[in-house]
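K.L.:
Input: one structure, supplied below.
The values are calculated or read from the model by the stated rules, or taken from the named source; none is laboratory data. Since this is a predicted model, take the numbers as computed values, not measurements. Here Cβ is always computed from backbone atoms with ideal geometry, including for glycine, and neighbour counts include all displayed protein chains. These accessible areas exclude ligands, DNA and RNA; they are computed on the full protein's heavy atoms, side chains included. Shrake-Rupley method; radii C 1.70, N 1.55, O 1.52, S 1.80 Å.
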Amino acid sequence: MSLASVHAGNVGLPLAQSAGFWFPDQASDVAAGHDFTFFLILGVCAVFFFLITGASAWFVLKYRKRAGHKEQATSTHNTTLEIAWSAIPTVLLMVFFGVSTYWYWHMVNPPMNEKSLDVAVEGRKWKWWFEYKGEPFKSPARVADLYVVKDTPVRLSMVSPDVIHSFFVPAFRVKQDVVPGRINRLWFKPTQVGTFRLYCTEYCGQDHSEMTAWVHVFETEAEMVQAVIKAADTKSIPPEELGPRLYAENCASCHSKDGKAGLGPTFKGLLGSQREFEGGTTATADEAYVRESLSDPKAKVVKGFNPVMPEFKQLQAHEVDALILYLKSLK
Ligand code: CUA
């Protein structure tokens, strides 16, 4: 189905079929309207740019000082001209306002009477996580990519445990900040099967540019569900492979494995070492200490570090085991 026909029924705007002009695919039902608004404003600005600069150049040439040319007094008032240069921009701005408000309204109001896919999103330094629960998922599934279905509205509830991130899928023309301490919402309706890039578009620290993921758009819900379940299944991965992967996904941004201190202490030689904490207490870093730090990071904060580690309660038991196995290897 073409994008023009998606909206043909409820709006009379001429819609672009393909993006063009170095724009990405138009893969959601707001993309064409978004681009139309952009090109409308760009086009009107371009017309006036050439009119005004052209007229200025021509006047400079026509009225230049030269032999035989008699100077004239500048006119001080022209009611027709003044009404024209007030009325024309006012009408144009009202048109911009009308068109952009129509599409903005559509972007911020999810359809109420359509079946939708609800996904919880977490943006954290420096990775996106997507959680699926309820029908048709037997148990909650947490995955690193977003899986959606063509022509089914997707509603996202987005949170951040650390700093401000921003969810941006250029092909869908949707963008929304993810702010700590609140739930931000975003919805879109994908209209094209395929895989599209998802970016973090708010500078959030060292690995901001690496904070990307993919949006996979499937033809049917069954295909989408199958892909999510497959991506969430870490039980079939051998622990010695799963441990380093979990470390890279969850810990590497703050905890080095080579002895260098980062935002948190290094993991090298951590297991079995003697730790000194803020407040003066000490303990041996055993497996129980690691488990406690994952579920309640502020219980024991290593001396000299800030209490900034987020909770990792979402890790499943076998995943924590795999992570501990990996810690043991970092002597
Ligand atoms: Cu997260 Cu930039």
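K.L.:
Could you identify which residue out of G279, G54, G68 has the top mean-square fluctuation in a GNM of the chain using Cα springs shorter than 10 Å?
P.N.:
It is G68.
K.L.:
With charges only on Cβ, +1 for K and R and -1 for D and E, what is the dipole size of the stretch 261-331 about its Cα centre, in debye, rounded to 20?
P.N.:
220
K.L.:
Compare F97, F49, F277 in a GNM of the chain, Cα atoms joined below 10 Å, and give the one with the largest fluctuation.
P.N.:
F49
K.L.:
Are there any helices in the chain, counted as whole DSSP H runs, that stretch 30 Å or more along their axis by Cα and score at least -1.0 on average by Kyte-Doolittle, and if so which?
P.N.:
Span-like helices in the chain: 31-62, 79-108.
K.L.:
Ok, one more. Pick from C251, C204, C45 the residue whose mean-square fluctuation is largest in a GNM of the chain, springs joining Cα atoms under 10 Å.
P.N.:
C45
K.L.:
Take the chain, mark every one of the GluC sites (Glu not before Pro) that falls in a DSSP loop and has at most 12 other Cβ within 10 Å, then report the longest stretch left between them, sites excluded.
P.N.:
Free of exposed loop sites, the longest segment is 220-331.
K.L.:
How large is the direction-averaged shadow of the alpha-carbon convex hull of the stretch 75-166, in nm²?
P.N.:
Projected over every direction and averaged, the Cα hull of the stretch 75-166 covers 11.3 nm².
K.L.:
Any chance you could tell me what percent of the C-alpha pair distances in the chain go past 26 Å?
P.N.:
Distances greater than 26 Å cover 62 percent of the Cα pairs.
K.L.:
Also, quick follow-up: No solvent, one uniform scatterer per C-alpha: report log10 I(q)/I(0) for the stretch 117-232 via the Debye equation at q = 0.21 1/Å, two decimals.
P.N.:
-1.17
K.L.:
If you don't mind, another one. Please report, to two decimal places, log10 I(q)/I(0) for the stretch 176-233 at q = 0.14, 0.23, 0.29, 0.30 Å⁻¹ as given by the Debye formula with identical point scatterers on the Cα atoms and no solvent.
P.N.:
-0.57, -1.10, -1.17, -1.19
K.L.:
How large is the accessible surface of L325 in square angstrom, using a 1.4 angstrom probe and rounding to the nearest 10?
P.N.:
80
K.L.:
Also, I was wondering about something else. Just to check, using Stokes-Einstein with a Kirkwood Rh over alpha carbon pairs, what's the diffusion coefficient of the stretch 239-329 at 25 °C and 0.890 mPa s in µm²/s?
P.N.:
185
K.L.:
How long are the three semi-axes of the equivalent ellipsoid of the stretch 111-161, in whole Å, if each is the root of 5 times an eigenvalue of the C-alpha gyration tensor, listed from largest down?
P.N.:
They are 20, 13, 10 Å, listed from largest to smallest.
K.L.:
Count the net charge of all other residues whose Cβ sits under 15 Å from the Cβ of D151, scoring Lys and Arg as +1 and Asp and Glu as -1.
P.N.:
That works out to -1.
K.L.:
Give the residue from V290, V320, G269 lying farthest towards the positive end of the charge dipole for the stretch 239-329; charges sit on Cβ (+1 for Lys and Arg, -1 for Asp and Glu) and the dipole is referred to the Cα centre.
P.N.:
G269
K.L.:
What share of the DSSP beta bridges in the chain is antiparallel, in percent to the nearest 5?
P.N.:
If I count the DSSP bridges inside the chain, around 75 percent turn out antiparallel.
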